Amino acid sequence: MGTVGLFDSGVGGLTVARAIRRRLPGADLLYLGDTARFPYGPRPAAQVEEFTRQGVTFLHAAGASRVVVACNTATVAGLPEAAGASVPVWGVVKAGALPAVRATRNGRVLLLATQLTVDSGAHARLAAEVNPRVVIVGRSAPDLVRLVEEGRLAGEATREAVRAHARAVREAGADTLILGSTHIAALDELFREILGETVTVVDPATELAERLARVESGEGAGSWRLCVTGEPMAFRRAAEAVLGQGLPPPERVRLE
Ligand code: DGL
């Protein structure tokens, strides 16, 4: 199989890389975090669309034969436009919305995401195509996105922030939670622990890795290459918090 390129504003897309690595251990992965321009969530959609186009172009030029836009915000702003590229480009929104529609029993789903993703209504549109009775309540969580980008996956401040969002899940009467930002998906275990078994927690990375395994053999060298547009050492620390040790040093690159 060829190299799979992954694009995100920071470390969030590593949650997608993690799921792909588990499902296809031999996959060769090329990761690009546009950390110099993190966060994307508060930006205008047109700007994120342009950044996404640049990221996809970079990954293609650097040898990716398939690109996963491993960022919900970039997916809602940048696809299908970036899909005009000459390599297949996949987003992560469908991989969150569809499993949530399948999982909910009471028809109420909470979406935790960036403001741009919530405002786009993309998850709700996809859900309505499958089951119009499912209600998706959007809630933005820039605090969680920032904590993860800083590599703060544990600790009392993070637990307290997760508890506050978990309360909102219950207040919304939702029985299903979409971790609708790849950053927030790095807190999946904490959400599962705090919410308990009555709420289904959906990490889009799981479905995405399954879909990828249907079209890719996974017969590569299991290599990694990490590229960032910002400071490599800060990224490395946060990346190790998400994925553990053993990653190659990130390279600094420029996007245009
Ligand atoms: N990882 C991005 C996502 O999935 C959000 C982070 C950001 O705001 O840049 O939406």
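The values are calculated or read from the model by the stated rules, or taken from the named source; none is laboratory data. Keep in mind that this is a model prediction, so the values were computed, not measured. Reconstructed Cβ throughout: ideal geometry from the backbone, glycine too, with neighbour counts over all protein chains shown. SASA here: full protein model, heavy atoms, side chains in, ligands and nucleic acids out. Shrake-Rupley method; radii C 1.70, N 1.55, O 1.52, S 1.80 Å.
Listed values, structure above:
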quantity	calculated
A46-V253 FRET efficiency (beta carbon distance; Förster radius 35 Å; 0.05 resolution)	0.90
For the chain, accessible area per residue (1.4 Å probe, heavy atoms of protein chains only), Å²	41 Å²
Calculated P(r) tail over 18 Å for the stretch 17-120, as whole % of Cα pairs	53 percent
Carbon + sulfur, % of accessible area of the stretch 150-256 - ligands and nucleic acids excluded, 1.4 Å	47 percent
Ranked by how many other beta carbons lie within 10 Å on average, peptides 37-44, 140-147, 202-209, 181-188 from highest	181-188, 202-209, 140-147, 37-44
Cβ-based charge dipole, the chain, positive-most Cα from A27, G180, L59	G180
Area projected by the alpha carbon convex hull of the stretch 120-254, averaged over all directions, nm²	10.6 nm²
Within the stretch 108-234: Cβ-based charge dipole about Cα centre, in debye rounded to nearest 20 (Lys, Arg +1; Asp, Glu -1)	360 debye
On Cα atoms only, tilt of 204-215 relative to the major axis of the chain in degrees	50 degrees
The chain: radius of gyration over Cα atoms, expressed as a fraction of 2.2 N^0.38 Å	0.93
Pairwise FRET efficiency - S86 versus M233, Cβ, R0 = 22 Å, nearest 0.05	0.05
T200 long-range amide H proximity, modeled H, under 5 Å	T176, L177
Protein accessible area in the stretch 106-147, 1.4 Å probe - carbon and sulfur %	52 percent
